[in-house]
Amino acid sequence: MKETILDKKLQEIASSNWEQFVHLIGGEAIIKAKICLLRQNNHSYGEIKNRLGITEDRVRYGCAKCDTNKQSQ
């Protein structure tokens, strides 16, 4: 996907005003992204659960979404 001016603006907001970025993107999307990043770095479900303070069911569901995204690429 080609990077656009809007992509660059979002990157600027994320780096300079994290609260605004989270508000724009949504807290749930941020948690899902964190789950994917941690899983990509070989963290266990338990480690992710403890690190993010969420249930293991939520971690498993999030990891399944990450795996689905990989398959569609």
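Any chance you could run the full-extension gain for Y61 through I31? It's 0.36 nm times the residue separation minus the Cα-Cα distance, nm to one decimal.
On the way: separation 30, 0.36 × 30 = 10.80 nm, distance 1.18 nm.
Difference between extended and current length: 9.6 nm.
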Heavy-atom accessible area of region 5-69 with neighbours in place, 1.4 angstrom probe: carbon+sulfur share in percent works out to 52 percent
Quick calc, the chain, dipole around Cα centre from Cβ unit charges on Lys, Arg (+) and Asp, Glu (-), nearest 20 debye, gives 160 debye
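The values are calculated or read from the model by the stated rules, or taken from the named source; none is laboratory data. Nothing here was measured: the structure is a model prediction, and the numbers come from that model. Backbone-built Cβ (ideal geometry, glycine too); neighbour counts: all protein chains shown. When the accessible area is computed, the model is the full protein with side chains, heavy atoms only, and any ligands, DNA or RNA have been set aside. Shrake-Rupley method; radii C 1.70, N 1.55, O 1.52, S 1.80 Å.
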